[in-house]
Amino acid sequence: MQLCFDFDRVAVTPVILPQPSPATPRQIRGKTAYHAGLLAEASVADHYQRAGYTLVETRWRGKAGEVDMILRKGDQYIFVEVKASKDFSRAAERLSRRQIDRICRAACEFCGTLPSGQLTDMRLDAALVDQYGRIEIIENAFWEQ
């Protein structure tokens, strides 16, 4: 069987595709912040790995919330919250009490899945990244004395 088209008899109807609406300044800032956060997390992961840590999870999400990064060194698990801002002090200011509580609950939830459970040796760090990509690690950042 052979097909034959008669192009003189076919009516051509132009198709108008919908144009995406231009991004608002807020959407642009949101995308920029999202990608800057991903880059900061990747830099921090690389920093820890060069120091001998093993990356276990990134952006681990449990019922209690999300942890940016979970690392391991020996038997200790390290839960890291990454904050990027213009400078280290502004990054640190962005850690709220509510966020710290969420990270602690999520860390406990994660440890509950491990063989040693809540007896797992753990540490909660804050990794601050400034506008130049410099990293400052605050070990045991959420430990109340």
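Values for this structure:
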| read-out | value |
| --- | --- |
| Hey, Val44 within 14 Å of the chain's Cα centre (by Cα) and either in a helix (DSSP H, G or I) or more than 20 Å from Ile135 (Cα to Cα) (or both) or not | yes |
| Considering residues of the stretch 99-110 that are buried (at least 18 other Cβ atoms within 10 Å of the Cβ) and in contact with an Asp or Glu (Cβ under 9 Å, 6 or more places away or on another chain) only, the residue nearest to His47 (Cα to Cα) | Ile103 |
| Candidates Arg72, Arg26, Arg61 - the one that is over 23 Å from Glu139 (Cβ atoms) and surrounded by 10 or more Cβ atoms within 10 Å (Cβ to Cβ) | Arg61 |
| Members of the stretch 111-141 found to be farther than 26 Å from His35 by Cα and surrounded by 15 or more Cβ atoms within 10 Å (Cβ to Cβ), listed by number | Cys111, Thr120, Met122, Arg123 |
| Test result for Arg59, over 21 Å from Gln131 (Cα atoms), modelled with pLDDT of 95 or more, of a type outside the set (A, V, I, L, M) and in a strand (DSSP E or B) | no |
| Every residue from the stretch 96-122 that is touching a residue at least 40 places away in the same chain (Cβ under 8 Å) and in contact with a helix residue (DSSP H, G or I) (Cβ under 9 Å, 6 or more places away or on another chain) | Cys108, Thr120, Met122 |
| Contacts under 8 angstrom Cβ, first residue in the stretch 17-44 being over 25 Å from Val82 (Cα atoms), partner surrounded by 10 or more Cβ atoms within 10 Å (Cβ to Cβ), 6 or more apart | Ala23/Lys31 |
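Okay, residues lined up against (1) farther than 30 Å from Thr113 by Cβ; (2) modelled with pLDDT of 85 or more; (3) part of a helix (DSSP H, G or I); (4) under 27 Å from the mean Cα position of the chain (by Cα):
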{"site": "Phe5", "(1), (2), (3), (4)": "yes, no, no, no"}
{"site": "Ala11", "(1), (2), (3), (4)": "yes, no, no, no"}
{"site": "Leu17", "(1), (2), (3), (4)": "yes, no, no, no"}
{"site": "Pro20", "(1), (2), (3), (4)": "yes, no, no, no"}
{"site": "His35", "(1), (2), (3), (4)": "yes, yes, yes, yes"}
{"site": "Leu39", "(1), (2), (3), (4)": "no, yes, yes, yes"}
{"site": "Leu55", "(1), (2), (3), (4)": "no, yes, no, yes"}
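The values are calculated or read from the model by the stated rules, or taken from the named source; none is laboratory data. The shown structure was predicted, so the numbers you read here are calculated from the model rather than taken from an experiment. Using ideal geometry, Cβ is built from the backbone for each residue, glycine included, and neighbour counts are taken over all protein chains shown.
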